[in-house]
Each structure stands twice: as structure tokens, then as C-alpha cells.
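As C-alpha cells, the structure follows; a few thoughts come after it.
Taken together, the values in this text are just the output of simple stated rules run on the coordinates, not laboratory data. The shown structure was predicted, so the numbers you read here are calculated from the model rather than taken from an experiment. Virtual Cβ from ideal backbone geometry, glycine too; neighbours counted across all protein chains shown.
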Amino acid sequence: MTIVEQINQDLVTAMKAREAERLSALRMVKTALKLRETELPGSVDDAEAAKVLGTLLKQRRDAAEAFRNGGREEMALKEENEARIIQEYLPAAASLEELTEAVATAIEETAATTAKDMGAVMKAARAKLVGKTIDGKTLSDLVKAKLS
């Protein structure tokens, strides 16, 4: 079952169970996926759906942080709950060990030595971690640390 099909099925289940918070989050996700589908010539596959979900997840985390900084704890918790629901549909996150190993391998393959080579290393490391959810900031920090 694809990510989009799973979200549609869970949306119906949330409606029947009257889970307002989950229903709201799933409707937001479905809307984002439909919007992306209109931008593409074909339908949204799992890889594209994962990108959209990753973007939504980052938005939720950033919003939660902004609400928390503004003293709006209840809104921060709402955003974090939405992020948790979105996270359920993403592939497993890459562990720190996997990230470190991918960065080391990418540095060897690209023969990178300076921070100027960071883009090539990031691209190669991401290629090694296909199928996993990657935190770009963590990956970037690891690459910077290794190249400096």
C-alpha cells in the first residue's frame, strides 16, 4: 500500500472514530499531497510523498519552536502532535551511526578535503541513505565537522 493510500484509509478511520486532532492533521497532509499532484505530470509516488511529508514535518517543528519562543505552549503542543502524526508515514529515520558512516564513505569517494567540497559530500551521503528519513541539519553538521 502506498503512502497516499494509507493516508486516505487512515483519514476514513479517523473520521469514523471521531479523532478530531488526527483528522485535522491527515486532512492537512492530504491537501499538501493533492497540491503536489497538481504540480506533477503524473501521480504522487512514495518518494515524492515522502518529500512532501518531510517538508510538512519540518514546518511543524519550526512552528512549534516559534510558538514556544512566543510563550504559546498550547499551540506548540498542537504542532508537535501534528508532527508526530506525520512522522508515522515517513520511512524510518537514519541513525547517527548510519549518518556518520555515510558521511565517511562519501568523503572517501569524493576525495573531499575542504569545506568547498561540502556539496559533493552531501549529495553522495544522501545517495547512500536512500529510503531513510534524513535530518538535513544533522547531516550538514556532520559533514562540516569532518571537513574542517
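Here are a few things to note about the model shown:
- Check on residue 107, in contact (Cβ under 8 Å) with a residue 60 or more places away in the chain and out of contact with any Cys (no Cβ under 6 Å at 6 or more places or on another chain): no
- When we screen 33, 57 for residues that are surrounded by 16 or more Cβ atoms within 10 Å (Cβ to Cβ), more than 15 Å from residue 4 (Cα to Cα) and of a type outside the set (D, E, K, R), the only hit is 57.
- Any chance residue 104 is surrounded by fewer than 18 Cβ atoms within 10 Å (Cβ to Cβ), part of a helix (DSSP H, G or I) and out of contact with any strand residue (DSSP E or B) (no Cβ under 9 Å at 6 or more places or on another chain): yes
- Identity of the residue in the range 6-57, polar (S, T, N, Q) and part of a helix (DSSP H, G or I), that ends up nearest to residue 87 (Cα to Cα): 55
- Residue 90, sole failed condition from (1) part of a helix (DSSP H, G or I); (2) surrounded by 13 or more Cβ atoms within 10 Å (Cβ to Cβ): (1)
- Any chance residue 132 is out of contact with any Pro (no Cβ under 8 Å at 6 or more places or on another chain), of a type in the set (D, E, K, R) and crowded, with 17+ Cβ neighbours inside 10 Å: no
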